[in-house]
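Visitor: Have a look at this one.
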Amino acid sequence: MISTVKQSAFTINGCDFIRSKSQSLASSRRISVLPPLPAMKSRRSSGVSISKPVFVSSVESFGGLKRSNEQTDSGLVKCKAYEADRAEPIEGPESKTEVARKMKIGVYFATWWFLNVIFNIYNKKVLNAFPFPWLTSTLSLAAGSLIMLISWALRIAEAPKTDLEFWKTLFPVAVAHTIGHVAATVSMSKVAVSFTHIIKSGEPAFSVLVSRFLLGESFPTAVYLSLIPIIGGCGLSALTELNFNWIGFSGAMISNVAFVFRNIFSKKGMKGKSVSGMNYYACLSMLSLLILTPFAIAVEGPQMWALGFEKAVSQIGPQIVWWMAAQSVFYHLYNQVSYMSLDEISPLTFSIGNTMKRISVIVSSIIIFRTPVQPVNALGAAIAILGTFLQSNEVEFAYCIRDKRR
């Protein structure tokens, strides 16, 4: 049963509490903010008898009194309760708002995975015909920057309000993002898409190691043990990869490290900043584009690009232009949706979604590009991904325990 208590415009903050049956009546009298339940207005559909003692199971945010915008309008506080002969709280139907939120998150996830699969397909097609990963990476960032500038100019999206301090804190994030993006593209230009993503599934392991040895954070033993299947699975896949290439392997590993530092810099620098996920990624793309462009020109250069483009057109035809445009646009769109979803969910849910995304990319790329896979190679990939999933849960649990102790 979900019981509702009037409390003007205040929210009760704190944690759940449970009273024993022998103390329930005395305890309920001491809590002044919870008036007795009306004896004559029980709902038969809930199957609750008011003649039996009802124990409070949990109160949303019980503790200090703070104002809440959500409860200022309705003046309601939700409580959970159970009858004396029941072992579990009586649950009421989910609110329409919560159902709508879950549906929204589901749409975000489905869109995120779909766009990422499409990007990886076109990205690999472009790199097979036009093997210039530095230019390909630059075009991806340029397309996203152009899309967002047009959206802001046409007021399709609200432009963010930024200052010099914002761009200063964003700069190290952009550097790490640029390195990770280019390294991953270089990897895909040398090896199969599936192999790159198998190695990149080891990113959480790097996150734990960097946090432990550089930031001094400690984790439970279970977190360190979860690194064994991640490292072992990635190693098994690398050893049994039919088209193994050191540049491709190194690029995926560098990308892992770079994205770990990007996440660390982002968490440290963006505390207290009121920029939406979509606009945050747009600003990140623009700054990364400014960083990457001179390096792309220095490493590859217009002359190599011109010769490579002529060769690609002669082999593929004019559709190479469409492939390049598609991979650039889809790169921005899938990243934008992922940052938008991060606004709605916890880091654990995002991490699980990211792991599931890699599974969809690996499976789809193997099917579309008919990548030969040995059973041992597939086993290594499965072990690495399972380890990533387990580690995500253990790390999130460790952070929850740490926050409660504080």
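Visitor: Compute the signed sum of charges (Lys and Arg +1, Asp and Glu -1) over the other residues within less than 13 Å, Cβ to Cβ, of Asn256.
Guide: Charge balance in the 13 Å sphere: +2.
Visitor: If you don't mind, another one. Tell me the carbon and sulfur percent of the accessible area for segment 240-334, rounded to whole percent, probe radius 1.4 Å.
Guide: Accessible surface attributable to carbon and sulfur in segment 240-334 totals 70 percent.
Visitor: Calculate the spin-label point distance for Glu217 paired with Trp167, positioning each point 7 Å from the Cα along the beta-carbon direction, and give it in nanometres.
Guide: Going by the 7 Å Cα→Cβ label model, 3.0 nm.
Visitor: If you count only protein heavy atoms with a 1.4 Å probe, what accessible area per residue comes out for segment 94-161, rounded to a whole Å²?
Guide: 54
Visitor: Taking the Cβ of Ser201 as the centre, find all other residues whose Cβ is under 11 Å away and add up their charges (Lys, Arg: +1; Asp, Glu: -1).
Guide: That sum, taken over residues with Cβ under 11 Å, equals +2.
Visitor: Separate question: Which FRET efficiency, nearest 0.05, do Ser250 and Ser274 yield, Cβ-Cβ r, R0 60 Å? Working shown, then result.
Guide: Working: r = 39 Å, r/R0 = 0.64.
Efficiency for this residue pair is about 0.95.
Visitor: With a 10 Å radius around each residue's Cβ, average the other Cβ atoms per peptide and rank 305-311, 205-211, 331-337, 165-171, highest first.
Guide: 331-337, 205-211, 165-171, 305-311
Visitor: Are any of the pairs Lys190/Lys311; Lys200/Lys267; Lys190/Lys357; Lys125/Lys168; Lys102/Lys200 more than 30 Å apart by Cα-Cα distance, and if so, which?
Guide: Details: Lys190/Lys311 18 Å; Lys200/Lys267 21 Å; Lys190/Lys357 22 Å; Lys125/Lys168 36 Å; Lys102/Lys200 28 Å.
Pairs exceeding the cut-off: Lys125/Lys168.
Visitor: Would you calculate the separation in nanometres between label points at Ala159 and Leu290, each defined as 7 Å from the Cα along the Cα-to-beta-carbon direction?
Guide: 1.5
Visitor: By how many nm would the segment from Glu344 to Trp305 grow when fully extended, if each residue of separation counts as 0.36 nm and the alpha-carbon distance is taken off?
Guide: 10.0 nm is the gain from fully extending Glu344 to Trp305.
Visitor: On to the next question. Across all directions of projection, what mean area in square nanometres is found for the Cα convex hull of segment 222-377?
Guide: Answer in nm², one decimal: 12.4.
Visitor: Shifting gears a bit: For segment 280-350, would you read off the P(r) tail past 15 Å as a percentage of all alpha carbon pairs?
Guide: Roughly 70 percent, rounded to a whole number.
Visitor: Can I ask one more? Under a 1.4 Å probe, what is the accessible area of segment 173-253 per residue, stated in Å²? Show your work: numbers first, answer last.
Guide: Values: 3100 Å² over 81 residues.
With all protein chains present, segment 173-253 gives 38 Å² per residue.
The values are calculated or read from the model by the stated rules, or taken from the named source; none is laboratory data. What you see is a predicted model, and the numbers here were worked out from it, not measured in a lab. With ideal geometry, Cβ positions are generated from the backbone for all residues, glycine too; neighbour counts draw on all protein chains shown. When the accessible area is computed, the model is the full protein with side chains, heavy atoms only, and any ligands, DNA or RNA have been set aside. Shrake-Rupley method; radii C 1.70, N 1.55, O 1.52, S 1.80 Å.
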